[in-house]
Every structure is written in structure tokens, then in C-alpha cells.
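Scroll down for the structure; my scribbles are underneath it.
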Amino acid sequence: GLPVEEAKKVMAEKLTALGLGQTNISYRLRDWGVSRQRYWGCPIPFIHCGDCGIVPVPEADLPVELPEDVTFDAPGNPLDRHPSWKHVPCPTCGKPAQRETDTFDTFFESSWYFARFADARGETAFDRDKAGYWLSVDQYIGGIEHAVLHLLYSRFFMRALKHCGYTDVEEPFAGLLTQGMVCHETYKDPDGKWLFPSQVTKDSNGNNVMVDTGLPVTIGRSEKMSKSRKNVVDPVNIIGSYGADTARLFMLSDSPPERDLDWTDAGIDGAWRYLNRLYRLIDEPSAPLVAPGTQRPSSLGEKAAAAEKAIHKTIAGVSDDLDRFHFNKAVARIRELSNLLEGLNGTAADEAWALRQGLETLVRLIGPMVPHLAEELWLLLGHTTLLAETPWPEADPALLVDDSVTIAIQVNGKLRGTIDLPRDCPKEEAEQAALALPAVMQQLDGKAPRKVIVVPNRIVNIVG
């Protein structure tokens, strides 16, 4: 028999050919109720007349502006209760009529506002040519809760605008990133009431207790921060204790942006310690730093040359990570570079130059993540211009290629070890080095191999 989907297609074609039926697509779409019974929102520009029915507000009277003298002292829509705003003459017959008091769902405006950004000072809703040049939006970043609502409405609006002849753009967004949520442990008191993290501490025995009473606290699972569960941290306190840059670095370095992030005291403290270490690395260098713009020495020792390669590999890696939104990987590379720079003594001329290059690169790369500290570090390095106005560093392609490569050694298809060899070394040299590996000699047990297969710069496979 045929697979189910193919069988459906064949049956549909047969029924159509016999004149007994036809194919049709049924969309599971519901009507969009765009009205809301509330004050805040864009007024719906229609007027209700007892004789003429529902009449659109004349274009000359647009936009309809909300009244500012409303009261919120009773439930319901304050526009309904306004003494004068809703009472207007009918645009068609001139008789007394009433404005529509419902306002639009906010999605009604937020589903196409980006087209306006292409010509923010224009007199029309948006300029067709400019919108055609700038749209689609390159990158949409939003929570997963937007995947159905806002994205659906935006696609609807762009198609409707195209259908009505306002634009040639059909897709609103070219790329989508749905970021994860910030999560935190939840806490309850003995009565089962939620507690803020600030209300919980540890006693001398390491048990979680309430700050004010010392009563035991029940720790729940880590969940998305919400006011109802009180598992929120006050950003003002975080900024006061650690600084905004620390909070930014922790959130970027903890996990990929599309995954949830668990907010922990240990995590924020670790980011704070690293930034302090970075500050000391520049403010208290192991040796006086050479001046900005110092020329590269004609030759570099082994340590300085390795540092130069690492600097350019970090530039390339971080640049690629940022393009892919792999912020946590970018932070990891930056920290690796700072660890390497801590090992340079900076006394020899070549190492002093490499240290200066490394520190400047480090600050430039971490600038987008910790902008306030980075600007201060840039000044400490002797610069008088803003880091924000400094071009992004570029990697030298020649320094991204390793002089040596790690080769996997297999015997009869099983990995027996690895060796480091010069890149593009002759096959004979790779074969000899592989056969001299103790693990290989043990496997061959003094016998000559039947065949040796060398894949340059990658693998040597020995058939015993």
C-alpha cells in the first residue's frame, strides 16, 4: 500500500477526476476580536448613529485623540462614563451620535509599527519606497509567547498592506530569536505563603530560614520570575551591590539566550569577581605597559607569538559568536584570553607588545557586554577617545591558521592516541610518527602493518 499522505493525494485526484469531489484547504483560524473595553489604546475611529448606522470618522478628523480628563474610580471603561467625549454629531446626517468607546487591541498597532520606523518624520503612515528598502526587519527578538500572537498578526498585517497596495513587502521579519526566561528558586513560609528571596537567609547550620522570624523555609523549584510567586530580585539592589555591567555579564555568560537562565547569587558573584580581576589586570599590570600604538617588534618569541595568535583567534571567534547570538561562548573566549594575558610578564619587548595588544583587544571585545567598565578600562589604557567610537577589531586570517595540527591515530579503526605534527607535513613523516606511538607498537606487537592510510592534517589509520 501507499504511505498515508501519498494515498490521500491519490484518492483526492481520483475523486476530482470522477467529478465526485474536490480538494480544499480548511484553515483553523478564528476571527480576531480587535476591540478592548479600556481607556489605554488607540481609539477605534467609528461613530454610531441611530439613523445612519456605523459611520467612519472623516479622514480630516483623524487621529481621534483620547480625553485626558478621565477618572478610574469605578470599574469598567472610563470612556463610557466620560460626560462629553463620546457625544458627537453624525458625520453623515449631523444628528446626535456617539463615538465608539472601545479601543484597539495593542497588537493592532504593534503589528506594523516597524514600517513607520523607515520614515519616522514623514507625513504619511509610512513611505512605500523607504519601507521597501528597509523591510523586512532583519532580526526579531521576543519571548516564545509571541510566536503565535504577535508574529501571526504581523504577518497578517504585512500581507494585508501588500494586498491593499501600500507595500511590496510580504514577510515582516527575516530572522527570529526567542529568548529564554529569567528563573529563580521559589520560597514558602510554614503557612505556605510565598516569600521574596530577600526574606530568606541561611542560619548557622546552613538551613534556609526566614530573615525576620528564623522559621524554616520550604524551597520550591526554579520557575520564571513572577510577582505572584515573589521569586523576583530587585534590579536596583543588584545594580547597587554589583553594578549594571555585572548583571549584564552574568546574564550573557550563564547560558545560550534561547534557554532559560537560573538567577543565582553564586552566578552574579562569579561575574563580579571576574570583572574585578579584569580591572586589576589593566590597573595593576605585571610590568609597565608600552604606549598605545607601539610598533610590533620585527620578531616575536614563542610566548609572544602564541599570544598574538590567541588574540586574533579570539577576535574571530567572538565576532562569529556575536553574529550567531552565542553570547555565552563569546564570554568564555574572552575569559580564556584574559587567563592567557595574565601569564605574560611584559618585561621583554615582544611580550610587552603582545600584552598591550591583548589588553586593548580584550577591552574592545567585552565593550558591548560591559560598556561602563570597558570605557573606564579604555581610559586606563591611555586612550582619550571613547571606546564606543573605536572600530571593532579585525582578525588577521594568516594568524588563524595553526602551524601544527593534532592527528588522530587509529589501529584497525579504533582510536589509539593523538600526535601533534606540523601542518601539511609529508605523508611519510606522519606515518613514521604514528608507527612510533607506544600504543600503536603495542597493538602491532612487532609485526609490520598491512596498510597505512594517511589523511593529511586529520588522521592516520593503521591496518594490522
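Mind checking which residues of the stretch 386-438 are touching an Asp or Glu at 6+ places or on another chain (Cβ under 7 Å) and part of a loop (DSSP other than H, G, I, E, B)? Matches in the stretch 386-438: 386, 423. If you go through the stretch 331-370 and keep only what is without any contact (Cβ under 8 Å) to a residue 40 or more places away in the chain and assigned to a helix (DSSP H, G or I), you end up with 333, 334, 336, 337, 339, 340, 364. Across the stretch 283-330, the number of residues qualifying as part of a loop (DSSP other than H, G, I, E, B) and closer than 30 Å to residue 175 by Cβ comes to 3.
Report yes if some residue within the stretch 195-207 is of a type in the set (Ser, Thr, Tyr), surrounded by 15 or more Cβ atoms within 10 Å (Cβ to Cβ) and closer than 29 Å to residue 275 by Cβ; otherwise report no. No, every residue in the stretch 195-207 fails to be of a type in the set (Ser, Thr, Tyr), surrounded by 15 or more Cβ atoms within 10 Å (Cβ to Cβ) and closer than 29 Å to residue 275 by Cβ. Just to be sure, is residue 177 aliphatic (A, V, I, L, M) and either within 21 Å of the chain's Cα centre (by Cα) or part of a loop (DSSP other than H, G, I, E, B) (or both)? Answer is yes for this residue.
Screening the stretch 140-174 for residues that are in contact with a Pro (Cβ under 9 Å, 6 or more places away or on another chain) and not in a helix (DSSP H, G or I) and picking the one that is surrounded by the fewest Cβ atoms within 10 Å (Cβ to Cβ) gives 141. Screening residue 445 against (1) modelled with pLDDT under 90; (2) in contact with a strand residue (DSSP E or B) (Cβ under 9 Å, 6 or more places away or on another chain) leaves a single unmet condition, (2). Looking only at residues in the stretch 421-433 that are out of contact with any Leu (no Cβ under 9 Å at 6 or more places or on another chain) and of a type in the set (A, V, I, L, M, F, W, C), the one that is surrounded by the fewest Cβ atoms within 10 Å (Cβ to Cβ) is 425. Please find, within the stretch 70-101, the residue that is farthest from residue 49 (Cα to Cα) out of those that are in contact with a strand residue (DSSP E or B) (Cβ under 8 Å, 6 or more places away or on another chain) and assigned to a loop (DSSP other than H, G, I, E, B). Applying the filter and picking the extreme gives 85.
If you take the residues in the stretch 361-373 that are under 13 Å from residue 246 (Cβ atoms), within 20 Å of the chain's Cα centre (by Cα) and of a type in the set (A, V, I, L, M, F, W, C), which one is surrounded by the fewest Cβ atoms within 10 Å (Cβ to Cβ)? Among those residues, the one meeting the criterion is 369.
Look through the stretch 29-71, keep the residues that are among the basic types (Lys, Arg) and modelled with pLDDT of 90 or more, and return whichever of them is surrounded by the most Cβ atoms within 10 Å (Cβ to Cβ). By that ranking, first place goes to 36.
Hey, can you tell me all the residues within the stretch 174-219 that are in contact with a helix residue (DSSP H, G or I) (Cβ under 8 Å, 6 or more places away or on another chain) and not polar (S, T, N, Q)?
176, 182, 184, 185, 187, 210, 211, 212
Of all the criteria given as (1) outside any loop (DSSP other than H, G, I, E, B); (2) closer than 30 Å to residue 279 by Cβ; (3) not basic (Lys, Arg), the one not satisfied by residue 442 is (2). Summed over the stretch 213-261, residues that are closer than 25 Å to residue 332 by Cβ, polar (S, T, N, Q) and at pLDDT 90 or above total 4. Of all residues assigned to the stretch 215-226, at least one qualifies as being more than 28 Å from the chain's Cα centre (by Cα) and either within 28 Å of residue 324 (Cα to Cα) or not in a strand (DSSP E or B) (or both). Once the stretch 374-420 is narrowed to residues that are out of contact with any helix residue (DSSP H, G or I) (no Cβ under 8 Å at 6 or more places or on another chain) and of a type in the set (A, V, I, L, M), the residue that is surrounded by the most Cβ atoms within 10 Å (Cβ to Cβ) is 405.
The values are calculated or read from the model by the stated rules, or taken from the named source; none is laboratory data. The shown structure was predicted, so the numbers you read here are calculated from the model rather than taken from an experiment. Note that each Cβ is placed from the backbone with ideal geometry, even for glycine, and that neighbours are counted across all protein chains shown.
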